[in-house]
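Heads up: the structure comes next, in structure tokens.
What follows is calculated from the coordinates using simple rules that are stated; it is not laboratory data. Quick caveat, the model's predicted, so the values are computed rather than measured. Cβ: placed from backbone, ideal geometry, glycine included. Neighbour counts: every protein chain shown.
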Amino acid sequence: MAAQRAVQLSLKKPTYAVCVVGVETLVDIHRDVPKGAKTFEVTGSSQVEVFVVYDPARVTEPTGKARWPLDTNVDVIVSVDTASKDLNDLKVKVSYFGQHEDSALGHGVLYVTGVYISLDVDTDRTGKVKRSRGNKKTWRWGPEGYGAVLLVNCDRDSLTSTETDCADNQLVSLADLQDMSPMVLSCEGPDELFDNHKLILNMSWSDSKRLRVFCARGGNSLSNYKQVLGPYHLSYEIKRQPGEREISFYVEGLAFPDTDFLGLVSLSVSLVNTGTLPQVPLFTDTVAFRLAPWIMTPNTQPPLELYVCSVMDAHGSNEKFLDDMSYLASKANCKLVICPQIENRNDRWIQDEMEFGYSEAPHKSLPVVFDSPRNRGLKDFPYKKILGPDFGYVTREIQFSRASSLDSFGNLDVSPPVMVGGKEYPLGRILIGSSYPKSSGRRMTKVVHNFLQAQQVQAPVELYSDWLSVGHVDEFLSFVPTSDQKGFRLLLASPSACLKLFQEKREEGYGEAAQFDELKYQSKRSINEMLADRSLRSDSLYVQKCIDWNREVLKRELGLTERDIIDIPQLFSLKGSYAEAFFPDMVNMVVLGKYLGIPKPFGPIINGHCCLEEKVRSLLEPLGLHCIFIDDYLSYHKLSGEIHCGTNVRRKPFPFKWWNMVL
């Protein structure tokens, strides 16, 4: 270990030094040497470890009664293994000799005071702070990694506050401490030492925007917790009380990783001798943190809460739809949360407004809602009704332009965990719809896209969704859980599969069976008519090409094979240059465990059953899934959306801990 600092011996008077436990100090034995001295020997108190460092290529280690040569290639290093009880209670003595003399030509004496200084956090990620002399100043990913984690304190624990806790400049609730990471400063040594030494807690200016530190001095009132570091407060002199061996702190995260912030911050404590000018730190201990990322949960995670809006407008009430959602939630043993009209202002598209996720540290997991920048009728709902005690909130606003349809979070999805070319994505990969591969068109705004990319743990994949009128990925894909080794299937809307199904039914003699036969307010279209409709066929084949392009991207970026994909029959028609679902879009479903709430397609009735429903059941029910078809035709489909667009699900976090990822 390299020496941290050096002290110079004198023949005329004793030298005094403060040594931090576990830190090596170089003793300069060469500066003040008796005339004629050629060798030396060194001894020390039992609590002082003294060892000689030398270059074996130039110096021979002495044997027997021989002494060390006074050579520039020979150094003396000392360290202490315990804190002193009294000032200067440890001693190191260096005696100088001539080439052959037995009597010393002179002595240099060093009096040492041992002090234990250690700044400690949950480096091992166990949820508790332990004393450590390991590598605390760096942060490492993986199961063998190390480094502490900070939650962004983005919930609102105080019912009287109007802001997230990290926006408050002071501690407003003791419950707030649970969202912070503990940090402990150990400072053992004689009380008199701190008469002319001080402890300074420091952080950089850039980190001051991303964390705050509170000092805890006992007690159960807010006044016992003082903010000591944060914006505009970069250093703090710690007032050690007599006999005080440990001082507790709480560290609060203020910002998620983003384009201009990799997520790493650090804090340092320095022991400074106030009796010297300039006041130079004798020792500095540094700890590193990483701000926990925001993490999305895929359909394969168990559902906790199903959200849906109650609306009444010119299109009528969605009361029947709410009843169907209540039935579905009860089957899945999932809580139903209905957002009333007064809070949604007749904006039924709750999937587009927000995305549920979470953030996690070893000591706590915090659900966090990500509020989209679409800002329509539901714009206040996530902040006013979901943000609260132990429920966080984050958003990214568009500064100089309006949000496009692709900025709604129906255009945001995440895959289940996947393995791609030997690389694991244990938290899945985020999927974002875009105009890519086209050079122009609608894309998700950069501030949202960059935020998702900066979280690192769910590396986003861009898909092509700009061919759709609304432009959301949930219009052509979904994931469902399975109990086999793969654990899921990717569902893709498939015009080709639908045309093939209709062709088979015509060949079986059911050509006159009609789409929309069960709907009074929609013109019926027989299988024969649909197959003969060149425009519908042409539109659907164009859409199939768009979906096939995405199919190859998904196979490549998620490590999927054709066995992992199920084609769900679906037709589309073009309105201008953009596609819309010809009948309710069945992949735009809500997934609650093994229960699927699927838009009722109103397909041709054959032998008393909808052939589209029967086909989907035959594809999904062998996987242990339960298909529940729900009429959303007037309340959602005719308004350019489906069940997934009109619902939102909060799910259980992953059991896998994000810090164990290998990036």
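Spin-label model, ALA216/ASN196: points 7 Å from Cα along the beta carbon direction are separated by 3.6 nm. Of THR286, ASN224, LEU151, whose Cα points farthest to the positive end of the dipole of the range 121-291 (charges on the beta-carbon: +1 Lys, Arg; -1 Asp, Glu; origin at the Cα centre)? The residue sitting farthest along the positive end of the dipole is THR286. What separates the Cα centres of the range 143-167 and the range 464-528 is a distance of 44 Å. Solvent-free Debye calculation, one equal scatterer per alpha-carbon of the range 5-116: log10 I(q)/I(0) at 0.15, 0.22 Å⁻¹ equals -0.62, -1.21. Electrostatic bookkeeping for LEU490 treats Lys and Arg as +1 and Asp and Glu as -1; over the other residues with beta carbon under 15 Å from its beta carbon, the sum is -3. Rounded to the nearest 500, the helix-only mean residue ellipticity at 222 nm of the chain stands at -4000 deg cm²/dmol, with each DSSP H run of n ≥ 4 adding -39,500 (n - 2.57). For the range 480-497, putting each phi into the Karplus relation 6.51 cos²θ - 1.76 cosθ + 1.60 with θ = phi - 60° gives couplings of 10, x, 9, 9, 7, 4, 5, x, 6, 10, 8, 9, 10, 4, 9, x, 4, 5 Hz, in residue order, rounded to whole numbers and with x for Gly and Pro.
All distinct Cα pairs of the range 576-631 go into the 1/r average, and the inverse of that average, the Kirkwood radius, is 12.1 Å. Put the Cα centre of the range 597-663 next to the Cα centre of the range 423-454 and the gap is 23 Å.
Out of every Cα-Cα pair that the chain contains, those further apart than 33 angstrom amount to 58 percent. Rounded to the nearest 10 degrees, the angle from helix 534-558 to the longest Cα principal axis of the chain is 20 degrees. Ranking MET183, CYS498, VAL20 by how far each Cα lies toward the positive end of the dipole of the chain (charges on Cβ) leaves VAL20 at the top. Computed from point charges on the beta carbon alone (+1 for Lys and Arg, -1 for Asp and Glu), the dipole magnitude for the range 324-405 about its Cα centre is near 140 Debye. For the peptides 197-203, 308-314, 596-602, the ranking by mean Cβ contacts within 10 Å, running from highest to lowest, is 596-602, 197-203, 308-314. Comparing PHE488, PRO62, ILE547 along the charge dipole axis of the chain, the residue lying farthest to the positive side is PRO62, per the Cβ-charge model. Judged by the mean number of other Cβ atoms found within 10 Å, the most tightly packed of the peptides 212-224, 539-551 leads the ranking 539-551, 212-224. Dipole check for the chain: with +1 at the C-beta of Lys and Arg, -1 at the C-beta of Asp and Glu, and the Cα centre as origin, the magnitude is about 760 Debye. Here the extension length gained between THR162 and ARG58 equals 30.3 nm, from 0.36 nm per residue of separation less the Cα-Cα distance.
Taking the Cα centre of the range 5-116 as reference, the dipole from Cβ charges on Lys and Arg (+1) and Asp and Glu (-1) amounts to some 360 debye.
When the alpha carbon gyration tensor of the range 249-323 is reduced to an equivalent ellipsoid, its three semi-axes come out at 56, 14, 11 angstrom, largest first.
Computed on the Cα trace of the range 189-286, the radius of gyration divided by the Kirkwood hydrodynamic radius gives Rg/Rh = 1.01.
Using only the C-alpha atoms, the convex hull of the range 121-291 corresponds to 128 Å³ per residue. When the Cα atoms of the range 370-514 are aligned to their principal axes, the ranges along those axes come out at 59, 38, 37 Å in descending order. Length, then width, then depth: along the principal axes, the Cα atoms of the range 313-425 run 53, 45, 33 Å. At full extension, GLU343 and LYS331 could sit 1.6 nm farther apart than now, given 0.36 nm per residue minus the alpha carbon distance.
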